[in-house]
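The structure under discussion appears below in the form of structure tokens.
Nothing in this text is a laboratory measurement; each read-out follows from the coordinates by a stated rule. Here the structure is a predicted model, which means the values were calculated and not measured. Reconstructed Cβ throughout: ideal geometry from the backbone, glycine too, with neighbour counts over all protein chains shown.
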Amino acid sequence: MGCRPVTVIIFIFTAILVPVLVGECVDWLPWVGTRLIRNAANRLPLAHRARYEEEWQAEFEVLPGGKLTKLLFGLRICANARATGALLQAEDNMDVAARILSLAQQTADQAIMDARREADETLGRARRAADEVLTNARRQAEQITGDAAARAVCLERDAQERHRQAMGLLVQEREELERRVHDLRAAVD
Amino acid sequence: MVSPTGFQMTLQTQAVLRVLLDHPLQEHYGLEISKAAGLPSGSLYPTMARLERAGWVTSDWEQVDTHEVGRPRRRYYKLTPDGAEMAEQALAATLERLSPQPGRRGRLRSHGLGPVRQPGWGVGQ
């Protein structure tokens, strides 16, 4: 009983080639798992890629089970990479927002400090100007008071002189009148 | 169900928190947590990222000589003191929501749902 060529080909394919091909594919599974992990890490925000790739590769290396388990691990990592990436991105965004808020707070604090310093300087200048005006006013007031006092002394002296002159004139007139009275009495006698 | 920090207290998150609370002072790596929580390996990391983001968990690299141990260094996760407290409260609140009527808690326990311990237990062991 002779074998037909098709039967021989099928036998060779199923008995030799398929196991070889399957074995070859299975040997490639860890490599595929590694590539999946790298691919998953690349979906994360840049700042987190190295950390998670190293962490996942470390666990991948010591994963119990066979090569199919490693492939499944890679597939699960890949499937969850989007969610992990979204969480990390949200965290990064919050960090950026916090940094911006902190920067804004620092800017506001600096602006408040600048405004306070400027206000203090303006107030200081205003106080110095007010002190200067007050000093000038006091000096002028003292000068006016001094001038007025001197003027009063002069006026008083002048009045005293006039009083003295008037009194001298009155004495002369009185002596003149007394002399005339004396002359008239003498004439009557 | 939403935790006090705003993230969803999913069954996966609850399972992870229970594992971490079993040994709150101990550091755990991802595979260890996955195995103890009964989660498929590789599906843990969004949960851990969420917990880290909330400040319940911190992580750090293992301090080993990789040539000496013959494997890459691991990333270890650990509950923070505040995280342990918040996790206890969140799990207790979740259990409370799941068992509003007296007697229901026992049925949930028999099905393996809900932590048995009360807030504060397990911390400082």
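A few remarks follow.
- Cβ-Cβ FRET estimate between residue A:51 and residue A:15, R0 fixed at 51 Å, reported to 0.05: 0.60
- Label sites at residue B:8 and residue A:132, each approximated as a point 7 angstrom past Cα along Cα to Cβ, lie 7.3 nm apart.
- Selected from A:57, A:140, A:106 as most flexible by GNM, with chain A as the system and alpha-carbon contacts under 10 Å: A:140
- Across the stretch A:142-148, rounded Karplus estimates of 3J(HN,Hα) from the backbone phi angles (6.51 cos²θ - 1.76 cosθ + 1.60, θ = phi - 60°) give 5, 5, 4, 4, x, 4, 5 Hz, Gly and Pro being marked x.
- Likely footprinting exposure, B:86, B:48, B:9, fewest C-beta neighbours within 10 Å first: B:9, B:86, B:48
- Centre separation in Å (Cα based) which lies between the stretch A:45-102 and the stretch A:162-187: 134 Å
- Under the criterion of Cα pairs below 8 Å and six or more residues apart, the relative contact order for the stretch B:1-85 equals 30 percent.
- Value of [θ]222 nm, deg cm²/dmol, for chain A, DSSP H segments ≥ 4, -39500 (n - 2.57) each, nearest 500: -33500 deg cm²/dmol
- In summary, the aspartates and glutamates within cross-link reach of residue A:67, defined as a Cα separation below 13 angstrom excluding same-chain residues under 8 places away, comprise A:24, A:27.
- Taking amide H atoms as placed 1.01 Å from N in the peptide plane, the amide H of residue B:26 has no partner under 5 Å among residues 5 or more positions away or on other chains.
- Principal axis dimensions, the stretch A:26-124 - Cα atoms, whole angstrom, descending: 85, 19, 16
- When the alpha-carbon atoms of chain A are used, the pair Rg, Dmax equals 60.2, 217 angstrom.
- Mean separation of Cα contacts under 8 Å, 6 or more apart, over the residue count of the stretch A:5-108: relative contact order %: 32 percent
- Residue with peak Gaussian network fluctuation, chain A [Cα springs, cutoff 10 Å], from A:90, A:40, A:148: A:148
- One chain, two ends: residue A:101 and residue A:68. Fully extended at 0.36 nm per residue, the span grows by 7.1 nm beyond their Cα-Cα distance.
- Exposure proxy order (Cβ contacts within 10 Å, fewest to most) of B:67, A:182, B:23: B:67, A:182, B:23
- Computed FRET value (nearest 0.05) for residue B:97 with residue A:109, which takes r as the C-beta separation and R₀ as 45 Å: 0.55
- Most mobile of A:81, A:98, A:137 in a GNM of chain A (Cα contacts under 10 Å): A:137
- Residue B:71/residue A:25 FRET efficiency (R0 30 Å; Cβ-Cβ; nearest 0.05): 0.70
- For A:92, B:65, order by how many other beta-carbon atoms lie within 10 Å, fewest first: B:65, A:92
- Electrostatic bookkeeping for residue A:81 treats Lys and Arg as +1 and Asp and Glu as -1; over the other residues with beta carbon under 11 Å from its beta carbon, the sum is +4.
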